[in-house]
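Colleague: Quick one: this structure, given as structure tokens, is what I'll be asking you about.
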Amino acid sequence: MGNENKIYSVITGTGSYIPENIISGDHFMDSSFFDNGIKLDKENTEIINKFSEITEIVERRYVCSDLLNSDIATLAAKKALEDGRVDKETLDHIIFCHNFGDVKLGSNRMDMLPALAAKVKQHLEIENPDCVAYDIIFGCPGWVQGVIQADYLIRSGDAKKVMVIGSETLSRIIDPHDRDSMIFSDGAGAVIFEGKESEEPTGIIAHKSQTYAGYASLLTMGSSNNPDEQNGNMYLKMNGRKLYEFAVINVPQVVKKAIDKSGVSLEKIKTVFIHQANGKMDNAIMKRLFKLYDLDSVPENLVPMTISWLGNSSVATIPTLIDLVLNGKVEGYKIEKGEYAIFASVGAGMHINAVVYKF
């Protein structure tokens, strides 16, 4: 008897929306930065340059004033449907991964009712009630977790086509008096996964997720760094140094677990799509991963990076990166059929996850 065909989750369409507003360091020249309630006495030029040096971020993108998170997600979703030549009425699920819902400019209030996935389905004018639309709140690793859920749905036989969206408008939820706010940006990415029968493993081969709730305080919501602000607004807050240490120690372990589970050797991994959180941190994570396999150097052109010009758009970084690479828009990176890749992320929770994928 020959090998039986199995169902695998394979990417058939990708799309992204990159906001047009390019925000350089100059945007923050007139900012008043505070730390522990005290105004920083350094020149803003020094603060901005030091920030870029640490994170490798030179520019980031902010959405136009009239657009909401669900709007830019819809734009990315339309591109993915077009790219995959997928009939929107044949989607079984829309999984929308975000953290802050729709936030109007100047309001700082989150709107998650109805779920953003339902809003996207409405915007796309999908009539099929069997297309189930729901959201995932899972910190920056939300999109990768959405992909893992899509894989479960497809392998169960209950779904054939699942769209997973990662979209965020972080510019609406950041504290203008916090240096860390310069990390964050806006953007959207959408990827369609379809069930394909195959004798040989393809698409999603293996995955691993972990939650370290003991470190939940590293990324939370809190009041402004400026003690004079008394409007009740809550902003995205992080303990950057501790988060860096946590990620560099723990992310490589989770990625290794996924690779070992897949049975694929590290040398066969040709591309690592890692969450664009901090350029130096991502480089340190990759070095630590290779050390776990007793290898001293990371191959060149393994890790495509967009953080220098797109910043950290949370759940949107990996799907956007995949879309750009597949469309030849990241210099020096090209995906060949049959190559193995990893999707890996870390963020609020603290959650870590990784997927081994064969193109």
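The values are calculated or read from the model by the stated rules, or taken from the named source; none is laboratory data. What you are looking at is a predicted structure, and each value in this text was computed from that prediction instead of being measured. Cβ sites come from the backbone with ideal geometry, for glycine too, and all protein chains shown count toward neighbours. Each accessible area value is taken on the protein alone, full model and side chains, heavy atoms only, with ligands, DNA and RNA left out. Shrake-Rupley method; radii C 1.70, N 1.55, O 1.52, S 1.80 Å.
Colleague: Excluding residue 199 itself, what net charge comes from residues whose Cβ is under 10 Å from its Cβ, given Lys and Arg +1 and Asp and Glu -1?
Modeller: That sum, taken over residues with Cβ under 10 Å, equals -2.
Colleague: Kindly sort 243, 105, 295 by accessible area of their heavy atoms, largest first, with the probe set to 1.4 Å.
Modeller: Solvent-accessible surface, decreasing: 105, 295, 243.
Colleague: Note down the relative contact order for the chain as a percent, whole number, built from C-alpha pairs under 8 angstrom at least six residues apart.
Modeller: About 26 percent, as a whole number.
Colleague: Evaluate the Kirkwood expression for the hydrodynamic radius of region 112-232, namely the inverse of the mean inverse distance over all pairs of different C-alpha atoms, and round to one decimal in Å.
Modeller: Final number for the Kirkwood radius of region 112-232 is 17.5 Å.
Colleague: Counting only heavy atoms of the protein chains, get the accessible area per residue of the chain (1.4 Å probe) and round it to a whole Å² value.
Modeller: With the other protein chains kept in place, the chain gives 45 Å² per residue.
Colleague: I've got another one for you. May I ask which residue of 202, 190, 101 lies farthest towards the positive end of the charge dipole of region 85-228, with charges of +1 (Lys, Arg) and -1 (Asp, Glu) on Cβ and the Cα centre as origin?
Modeller: Of 202, 190, 101, it is 101.
Colleague: Once you keep just the Cα pairs under 8 angstrom separated by 6 or more residues, what percentage relative contact order results for region 229-353?
Modeller: Relative contact order of region 229-353: 33 percent.
Colleague: Still on this structure, please answer the following. Send over the Kirkwood Rh of region 173-274, from the inverse of the averaged 1/r over different Cα pairs, rounded to one decimal Å.
Modeller: 17.5 Å
Colleague: Which of 110, 286, 182 moves the most in a Gaussian network model of the chain with Cα springs under 10 Å?
Modeller: Looking only at 110, 286, 182, the largest GNM fluctuation is found for 110.
Colleague: Do any of 50/358; 121/208; 261/334; 196/280; 237/337; 50/119 go past 32 Å between their Cα atoms, and which?
Modeller: From 50/358; 121/208; 261/334; 196/280; 237/337; 50/119, over 32 Å: 50/358; 196/280; 237/337; 50/119.
Colleague: Among [x] 138; [y] 157; [z] 217, which is the computed volume of the Cα convex hull per residue in Å³?
Modeller: The listed entry that was calculated here is [x].
Colleague: In addition: May I ask for the Kirkwood hydrodynamic radius of region 1-86, worked out over all distinct Cα pairs and given in angstroms to one decimal?
Modeller: 17.2 Å
Colleague: Build a GNM of the chain with springs between Cα atoms under 10 Å: which of 335, 318, 57 gets the top mean-square fluctuation?
Modeller: 335
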